[in-house]
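Nothing in this text is a laboratory measurement; each read-out follows from the coordinates by a stated rule. Since the model is a prediction, treat every value here as computed from it, not as a measurement. For neighbour counting, all protein chains shown are included, and Cβ atoms are generated from backbone atoms with ideal geometry for every residue, glycine included.
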Amino acid sequence: MPETLKEKTAKGLFWGGLSNGVLQLLNLVFGIFLARILDVSDYGMVGIITIFTLIATSLQESGFVAAIANKKEVTHKDYNAVFWFSISTGLILYIILFFCAPLIARFYNTPALIPFARYFFLGFLISSLGTAQYAYLFRNMKVKQKAVSLMFSLALAGFTGIILALAGFAYWGLATQSLVYIASLTVCYWYFSPWRPTFGFSFKPLRSMIGFSSKLLITNVFAHLNNNLFSVLLGRFYSEKAVGYFTQANKWNSMGHSFISEMLQGVAQPLFVQVEGDIQRQRHVFRKTLRFAAFVSFPVMFGLSLIAKELIVITITGKWLFAASILQILCIGGAFHPITRLYANLIISKGQSDVYMWNTIATCMVQLGAMLVSYRWDIEIMVIIYVGINICWLLVWHYFAWRSIGISLWDVLKDITPYLIIAAAIMIGVQWVASPIEDLHFALAAKAIMAAALYVGVMWLTNAVMFKEAIAFILKKKQR
């Protein structure tokens with residue numbers, strides 16, 4: 001029997017959650033080992049040039065993955081055009097950045113960046129080989145296959161990074177770890193995708209997608225700029241160490257919210273596309289995914305903020321203590337990140353890539369202006385302003401969602417506010433109760449156990465529908 005849309009979505013969420021849980025666990029384990037071995041400045045060297053790789057990757061992908069997912073019918077010619085376009089663009093961009101490496105090194109006053117950047121930039125060139133294969137897996141909601149690919153690649157890259165760090169390769173080891181991860185992921189995408197390229201190709205199929213994909217491309221570039229403003233400004237006006245602290249804090253924050261965001265990302269846009277044409281059903285689906293995001297995101301991210309100091313000092317030692325204070329602030333904003341991604345996926349599924357583009361550009365411009373004004377102040381103040389702007393911008397995202405499917409702000413607040421209030425109240429209460437505990441290990445365990453038990457208990461006592469559905473689905477899986 002063919003799967004229903006609800007079953008396919010549940011399976012996608014299950015595999016997305018499982019894979020992201022394993023991925024974040026692997027990231028945690030490998031990250032702890034590497035952070036103990038390497039210096040803060042090693043992470044800073046990677047952090048200050050990451051933005052160039054991210055922008056180049058966006059250019060070589062050019063939004064065609066989402067464009068293919070949005071098409072009603074896709075042929076071999078569509079995938080083939082994306083494949084050859086991605087490779088051609090990736091090669092051209094690598095050549096440009098190869099010769100621009102001295103300029104990048106001069107901007108940051110770090111001559112060692114010249115050979116390092118040229119080596120690190122190989123990542124987006126390698127990833128261009130798998131863009132079309134990933135597009136196939138994404139469009140067809142092959143979440144399980146993507147999950148296996150990610151877990152295998154991260155494990156292989158993690159072991160590689162640890163071996164090179166122990167051998168004294170410093171930031172070169174981090175770059176090699178990244179390249180191994182990308183190369184392995186690309187090979188896995190080829191293995192799981194049945195589609196194969198042919199030499200008889202034409203870029204004509206891209207014309208029907210370029211109007212949509214070009215807006216996503218610009219959007220992705222500005223999104224990367226928004227997410228990496230700190231790395232650029234701190235690297236220019238402060239030092240590699242400052243970038244290292246922020247990079248480490250942001251890494252832990254990303255591990256937290258990515259668990260939820262990536263789980264939803266694997267099904268959200270294709271799901272919204274499949275219910276296109278039925279506004280009432282699309283509104284129902286959006287609200288349900290929104291409740292699920294809030295149900296998971298607020299306790300996870302507020303909880304990570306709660307234990308940030310103990311977690312950082314215990315796992316990667318006191319040399320990273322300053323990163324813990326940054327992490328606590330970032331986690332507040334990270335709790336809202338999955339909700340922002342849902343709004344964005346809804347807008348994309350409606351074909352309104354121009355709205356998505358201009359909204360992201362406006363966010364980036366506001367953030368850039370705020371950072372240029374506040375960089376003279378304390379780094380923590382900059383982070384607070386950055387987080388505050390991103391949270392407040394949810395109102396702008398909601399305006400466009402309201403125009404698209406008629407969902408009211410009151411409905412959204414009813415969906416997410418209970419989880420927000422319950423999670424925040426529990427974390428504040430636990431912090432107050434556990435504050436006298438001086439032993440870091442005992443404090444970490446006490447906070448984690450109390451917070452988790454209280455949240456589950458409140459969900460149980462209030463008979464929360466989302467909690468009951470999650471338990472029912474897990475029990476059904478076990479019975480199978």
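If R₀ is 25 angstrom, what is the calculated FRET efficiency for the pair residue 96 and residue 210, using the beta carbon separation as r and rounding to 0.05? Don't skip to the answer; put the middle values down first.
Values: r = 21 Å, r/R0 = 0.85.
Given R0 = 25 Å and the Cβ-Cβ separation, E is 0.70.
Say R0 is 41 Å: what FRET efficiency, to the nearest 0.05, do residue 402 and residue 163 get from their beta-carbon distance?
Calculated value: 0.20.
Looking at the square roots a ≥ b ≥ c of the eigenvalues of the Cα gyration tensor of the range 338-389, which shape do they give, rounded for a/c under 1.5, prolate if a/b is larger than b/c, or oblate?
On the way: a/c = 6.35, a/b = 2.29, b/c = 2.77.
Oblate, since a/c reaches 1.5 and b/c is not below a/b.
May I ask for the net charge around residue 311, where only other residues with Cβ less than 15 Å from the Cβ of residue 311 are counted and Lys, Arg are +1 while Asp, Glu are -1?
Taking every Cβ under 15 Å from that of residue 311, the sum is +3.
Tally Lys and Arg at +1 and Asp and Glu at -1 over the other residues with C-beta under 11 Å from the C-beta of residue 446: what net charge comes out?
Result for the neighbourhood of residue 446: -1.
Would you please state which residues of the range 306-341 a label at residue 439 would reach in this model, taking the label point 7 Å out along Cα→Cβ and a backbone N cut-off of under 20 Å?
Label zone hits: 307-318.
Among 309/468; 144/309; 241/447; 350/414; 146/468; 251/309, which pairs are too far apart, with a Cα-Cα distance over 26 Å?
Details: 309/468 33 Å; 144/309 35 Å; 241/447 30 Å; 350/414 24 Å; 146/468 28 Å; 251/309 15 Å.
309/468; 144/309; 241/447; 146/468, as the Cα separations exceed 26 Å there.
Quote to one decimal, in nm, the extra length available between residue 288 and residue 385 on full extension: 0.36 nm per residue of separation minus the C-alpha distance between them.
So the extension gain works out to 31.9 nm.
All other residues with a Cβ under 12 Å from the Cβ of residue 195 taken together, and with Lys, Arg as +1 and Asp, Glu as -1, what is their net charge?
+3
Just to be sure I understand, if you calculate P(r) over Cα pairs in 10 Å bins from 0, in percent for this structure, which of [x] 4, 16, 23, 25, 20, 10, 3, 0, 0; [y] 4, 21, 30, 24, 14, 5, 1, 0; [z] 4, 18, 31, 29, 15, 3, 0, 0 do you get?
Only one listed value fits the structure, namely [z].
Could you sort the peptides 459-466, 330-337, 116-123 by per-residue average Cβ neighbour count (10 Å cutoff), highest mean leading?
330-337, 116-123, 459-466
Can you tell me how much longer the chain between residue 29 and residue 148 gets when fully stretched, taken as 0.36 nm per residue apart minus their C-alpha distance, in nm with one decimal?
41.0 nm
Does the range 309-399 come out rounded, prolate or oblate, given a ≥ b ≥ c as the square roots of the eigenvalues of its C-alpha gyration tensor, rounded meaning a/c under 1.5 and, failing that, prolate meaning a/b above b/c?
Cα axes put the range 309-399 in the oblate bin.
Once you put a point 7 Å from the Cα of residue 75 and another 7 Å from the Cα of residue 453, both along the Cβ direction, what distance in nm separates them?
Taking the two extended label points, one gets 6.3 nm.
Points 7 angstrom from Cα along the Cβ direction at residue 465 and residue 410: gap in nanometres?
Modelled inter-label distance: 1.7 nm.
For the range 73-123, what log10 I(q)/I(0) values come out of the Debye formula at q = 0.14, 0.31 1/Å, with one point per alpha carbon and no solvent?
The calculated log intensity ratios at q = 0.14, 0.31 Å⁻¹ are -0.48, -1.07.
Would you mind calculating the relative contact order of the chain from Cα pairs under 8 angstrom and at least 6 residues apart, reporting the percent as a whole number?
Relative contact order, the chain: 19 percent.
Given a Förster radius of 22 Å and the C-beta distance between residue 317 and residue 241 as r, what FRET efficiency does 1/(1 + (r/R0)^6) yield to the nearest 0.05?
Efficiency computed from Cβ-Cβ geometry: 0.90.
Quickly rank 432-444, 338-350, 86-98, 281-293 as a protection proxy: mean count of other C-beta atoms within 10 Å, highest first.
338-350, 281-293, 86-98, 432-444
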